[in-house]
Amino acid sequence: ETLQGRVYYAFERNFNIADTQDDGSTLYVGMDFNINPMSAVICVKAGVELHAIDEISIPDANTDMISQTLLSKFPNRHIAVYPDPSGKARKTSAPVGMTDFSILEKYGFEVVASKSAPPVVDRINEVNALLCSSEGDRRFFINPKCVNLIKSFEGLIYREGTSIPDKTSGLDHMADAIGYLIHEEYPLEIKAYAGSMKMGNYFG
């Protein structure tokens, strides 16, 4: 594997894959509304770290189906879902009069999302910074059962000559899902120092 052209260059198997475990606390779920497949990454927090413990990938699915699967795998839990902010609008995958957000709320999930989708470059930078910061700190660890997320991190590349991820590979969905969660919970803050700008993870 080469880092050249990889979107998530900070991911390294030897350092970011770990035997993460469900500790019974609140679940933090990043979700991508793409219908084929519907994708979700299930995480728990451990101090300032984020641990991915499982994932859900369902082909030809809708928001009802992934919600039911999530509840069946993790019953009687407080679950916060971090979806694509576009889910506030009515979607073709949702019944008439409902949105993806309202469907998630119907199942009892807490829905956390910005008013508008963050720039793709911001999400990518935030995920990379959590995988490995500029100081070499790693705060995002992934259970090996999250095979689709790992494939996304290892295989998603930029279109040649651009800074746009190549979505033709189909490897973007899990990475997008976790990106929505990380953007809300672990945003990059920009600090000004004597006229210069410094970027670093904010953990508040």
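The values are calculated or read from the model by the stated rules, or taken from the named source; none is laboratory data. These numbers come from a predicted model, not from an experiment. All Cβ positions, even for glycine, are placed from backbone atoms using ideal geometry, and neighbour counts span all protein chains on display. What goes into the accessible areas is simple: the full protein's heavy atoms, side chains included, and nothing from ligands, DNA or RNA. Shrake-Rupley method; radii C 1.70, N 1.55, O 1.52, S 1.80 Å.
Just to be sure, is GLY5 open to solvent by less than 50 Å² (accessible area, probe 1.4 Å) and on the phi > 0 side of the Ramachandran plot? Break it down into steps so the answer makes sense when it comes.
Details: open to solvent by less than 50 Å² (accessible area, probe 1.4 Å): yes; on the phi > 0 side of the Ramachandran plot: yes.
In short, yes.
Restricting to segment 107-151, and then to whatever is among the polar types (S, T, N, Q) and in a helix (DSSP H, G or I), can you tell me which residue is least open to solvent (accessible area, probe 1.4 Å)?
Going residue by residue through segment 107-151, those that are among the polar types (S, T, N, Q) are 114, 116, 125, 128, 133-134, 143, 148.
Filter once more, keeping what is in a helix (DSSP H, G or I): 125, 128, 148.
Details: ASN125: 58, ASN128: 4, ASN148: 56 Å².
The residue in question is ASN128.
Restricting attention to segment 166-175, and to residues there that are touching a residue at least 24 places away in the same chain (Cβ under 8 Å) and open to solvent by less than 20 Å² (accessible area, probe 1.4 Å), which single residue is farthest from ASN36 (Cα to Cα)?
Step one: filter segment 166-175 for residues touching a residue at least 24 places away in the same chain (Cβ under 8 Å), giving 173-175.
From what is left, the residues that are open to solvent by less than 20 Å² (accessible area, probe 1.4 Å) are 174-175.
Values: MET174: 12, ALA175: 15 Å.
Here the answer is ALA175.
Got at least one residue in segment 168-181 being assigned to a loop (DSSP other than H, G, I, E, B) and either modelled with pLDDT of 95 or more or under 14 Å from the mean Cα position of the chain (by Cα) (or both)?
Initial filter on segment 168-181 (assigned to a loop (DSSP other than H, G, I, E, B)): 170-172.
Retained after the next criterion (residues that are either modelled with pLDDT of 95 or more or under 14 Å from the mean Cα position of the chain (by Cα) (or both)): 171-172.
Yes, segment 168-181 contains at least one residue that is assigned to a loop (DSSP other than H, G, I, E, B) and either modelled with pLDDT of 95 or more or under 14 Å from the mean Cα position of the chain (by Cα) (or both).
What are the residue pairs meeting all of these: first residue in segment 131-150, first residue under 13 Å from VAL48 (Cβ atoms), second residue among the charged types (D, E, K, R) and surrounded by fewer than 20 Cβ atoms within 10 Å (Cβ to Cβ), Cβ atoms under 6 Å, and 6 or more apart or on different chains?
Taking only residues 6 or more apart or on different chains, the pairs are ARG139/GLU49.
Against the condition touching a Ser or Thr at 6+ places or on another chain (Cβ under 9 Å) and either at pLDDT 95 or above or surrounded by 22 or more Cβ atoms within 10 Å (Cβ to Cβ) (or both), how does GLU55 come out, does it pass?
Values: touching a Ser or Thr at 6+ places or on another chain (Cβ under 9 Å): yes; either at pLDDT 95 or above or surrounded by 22 or more Cβ atoms within 10 Å (Cβ to Cβ) (or both): yes.
Yes, satisfied.
Checking the structure you have, find out if any residue of segment 27-46 is at pLDDT 95 or above and assigned to a loop (DSSP other than H, G, I, E, B).
If we filter segment 27-46 for residues that are at pLDDT 95 or above, which is where we start, we get 27-31, 39-46.
Next, only the ones that are assigned to a loop (DSSP other than H, G, I, E, B) stay: none.
So far as segment 27-46 goes, no, none of its residues is at pLDDT 95 or above and assigned to a loop (DSSP other than H, G, I, E, B).
Among ASP23, ASP19, which is the only one that is open to solvent by 70 Å² or more (accessible area, probe 1.4 Å), farther than 16 Å from ARG139 by Cα and at pLDDT 95 or above?
On the way: ASP19 fails: farther than 16 Å from ARG139 by Cα.
Checking each option against the conditions leaves just ASP23.
Which of the residues spanning segment 60-73 are open to solvent by 50 Å² or more (accessible area, probe 1.4 Å) and either aliphatic (A, V, I, L, M) or modelled with pLDDT of 95 or more (or both)?
If the condition is that a residue be open to solvent by 50 Å² or more (accessible area, probe 1.4 Å) and either aliphatic (A, V, I, L, M) or modelled with pLDDT of 95 or more (or both), then MET65, GLN68, LEU71, SER72, LYS73 are the ones that fit.
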